[in-house]
1. Regarding the stretch 196-214, can at least one residue be identified that is farther than 30 Å from Ser176 by Cα and aliphatic (A, V, I, L, M)?
2. Restricting attention to the stretch 17-57, which residues are in contact with a Gly (Cβ under 8 Å, 6 or more places away or on another chain) and exposed (fewer than 13 other Cβ atoms within 10 Å of the Cβ)?
3. Restricted to the stretch 222-264, and to residues that are in a loop (DSSP other than H, G, I, E, B) and hydrophobic (A, V, I, L, M, F, W, C), which residue is modelled with the lowest pLDDT?
4. Hey, among Thr230, Thr218, which residue is in contact (Cβ under 8 Å) with a residue 60 or more places away in the chain, among the polar types (S, T, N, Q) and open to solvent by 20 Å² or more (accessible area, probe 1.4 Å)?
5. Can you find a residue in the stretch 484-494 that is touching a Phe, Trp or Tyr at 6+ places or on another chain (Cβ under 6 Å), part of a loop (DSSP other than H, G, I, E, B), under 25 Å from Pro89 (Cβ atoms) and not basic (Lys, Arg)?
6. With respect to Gly305, determine if the residue is in contact with a Cys (Cβ under 9 Å, 6 or more places away or on another chain) and either in contact (Cβ under 8 Å) with a residue 12 or more places away in the chain or open to solvent by 90 Å² or more (accessible area, probe 1.4 Å) (or both).
7. Among the candidates Ser176, Ser72, Ser99, single out the residue that is within 30 Å of Tyr328 (Cβ to Cβ) and in contact with a Lys or Arg (Cβ under 9 Å, 6 or more places away or on another chain).
8. Can you spot a residue in the stretch 486-493 that is touching an Asp or Glu at 6+ places or on another chain (Cβ under 9 Å) and touching a residue at least 60 places away in the same chain (Cβ under 8 Å)?
Amino acid sequence: MNLIKLFEKSFKENRALPALTDYLSGKTYSYLQLAAKVDNIHSLLRESGVVKGEKVALVGKNSIDWICTYISVLTYGATVVPILPDFNPLDMVGIINHSDSVILFADKSLLEKMSVSDMKNVRHIYCLEEMPAVPTDNFDIESICYADVDDEDPVIISYTSGTTGNSKGVTLPLRSLTDNVTFALSQNFHFKTSRVLALLPLAHAYGCAFDMLTPLSTGSHIFVLGKIPTPKILIDALGQVGPSLICTVPLVMEKIVHKNIMPRLEKGPVKFLLKIPVLKGMIYRKIRSQMLDTFGGNLIEVNMGGAALAPDVEEFLKRIKFPFTVGYGMTECGPIICYENWYRFKSGSCGRIVPYLDIRIDTDGYEDGTGEVCVKGSHVMLGYYKNPEATAAVLKDGWLHTGDIGYLGKDKTLYLRGRCKSMILTSAGQNIYPEEIEGKLNNLDGVAESLVYEQDGKLIALVVPDQEMIKNNDSEGIKAYMKGLLSKLNAIVAPFEKIAEIKACSEPFEKTPKQSIKRFLYPKKAKFL
């Protein structure tokens, strides 16, 4: 069965079970009500003249209506274009245009910020908060009969950045979604009646696959948090929901361990007791038990992805036998590439290659078996939408060149050594591409070139001023000019891309023969004005 047929089966078999709950309001849809809502939105799409394969844009925060709309577009046979709600409104419109979307579903607050007149192909716009209500009369489950979609048909175009100038829309075929979900089910990520707390943005491939698509295909109950959680809200929600699997990014776990656990272990009495072997084991078991209780008491595994886990945190979690694992993936694979369950997970790795994919290491130009990670198989995207040059740069003879550097262990476990790409992952799971911010910064007056990096959870920009600006300003004048640039830049980037500080450099950045900045040298090598 492909994913759409899995949904048909799940919605019928699990019709009496709860499917979706808004955590804050308590509003709940059963699987039968979800199917009825999907049927309503199908009618809306037909009335709007949408035909199979046309693009439908969807932008909004995580919500029940967002999920229902996404599933409706997918099962209708159209192509979903999910857009992160944190993108700059200008970039949202750029994506809507670039994707050739004919229908737009959006949160009301976001619609008010977008220029509707600039949307070239959109025929109808619908507000997510004003979607048709679920019918109160009996819904015929025989109506749960969805579109026949070929495995190779494109069903999602996911934009990994919000730029309008160099948009890259990852085009995923149905087979990619199906095989991601099939693998997740084989590993018991979710199962009938399991409970899910959706924390990650569902417009991201990671959250989409494992906090939404997989649970709905098997009869799980999804609780939608619907807002960026404060620590208290998160802890309360985990305690009330009791999820069996938590998908998150490493930074969340790092904060929990660094701020809430390690300080307690460094206090006098506990620090002394940890030196006694018998007591050490008891203390670690108690900490593990307390952590499991904090996560809701039903936890089977914490699945982390998107970045490496800090070595000290990884070592500590291993020591107390906490059920965690770190995987590896990218949007271009919908997303999963490597995974291993927590009790087989090897420190410093990101798991083993999943079924349906082959892996090889392109060692050309590298030593000791290290090289660029390349993958091939049914998870891999069709290409970047309307961007053959970018597609050709990463898809070669069927192999996806990931841009990540690593090596394989003897048992085919993958270890990453670094990233060719400079992507930054925020604590909220947002992908930040420094080049996109740099492109906007370089277009501002007085900037010759720039480089953006992360430091202590904040984004910092290094700027090499152009000669004209240096000639007309002393040191204090340049610093004042940088403050002005900061305000201008932050007005044109997404909220999660805002820069904390801009520093002026006295020398051009050192570059490779291809004139690419040697990012690994900075900020240590920078000399400031």
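1. Pass one, the stretch 196-214, residues farther than 30 Å from Ser176 by Cα: none.
Scanning the stretch 196-214 turns up no residue that is farther than 30 Å from Ser176 by Cα and aliphatic (A, V, I, L, M).
2. The answer is Lys52, Gly53.
3. Ile228
4. Result: Thr218 is the single residue among Thr230, Thr218 that is in contact (Cβ under 8 Å) with a residue 60 or more places away in the chain, among the polar types (S, T, N, Q) and open to solvent by 20 Å² or more (accessible area, probe 1.4 Å).
5. Yes.
6. Criteria met by Gly305.
7. Exactly one of Ser176, Ser72, Ser99 is within 30 Å of Tyr328 (Cβ to Cβ) and in contact with a Lys or Arg (Cβ under 9 Å, 6 or more places away or on another chain), namely Ser99.
8. Within the stretch 486-493 (the criterion being touching an Asp or Glu at 6+ places or on another chain (Cβ under 9 Å) and touching a residue at least 60 places away in the same chain (Cβ under 8 Å)), the answer is yes, since at least one residue qualifies.
The values are calculated or read from the model by the stated rules, or taken from the named source; none is laboratory data. Note that the coordinates shown come from a computational prediction; the quantities given were computed from them, not determined experimentally. Every residue, glycine as well, gets a Cβ built from its backbone with ideal geometry; the counts of neighbours run over all protein chains shown. Protein only, heavy atoms only, side chains kept; ligands, DNA and RNA dropped before computing areas. Shrake-Rupley method; radii C 1.70, N 1.55, O 1.52, S 1.80 Å.
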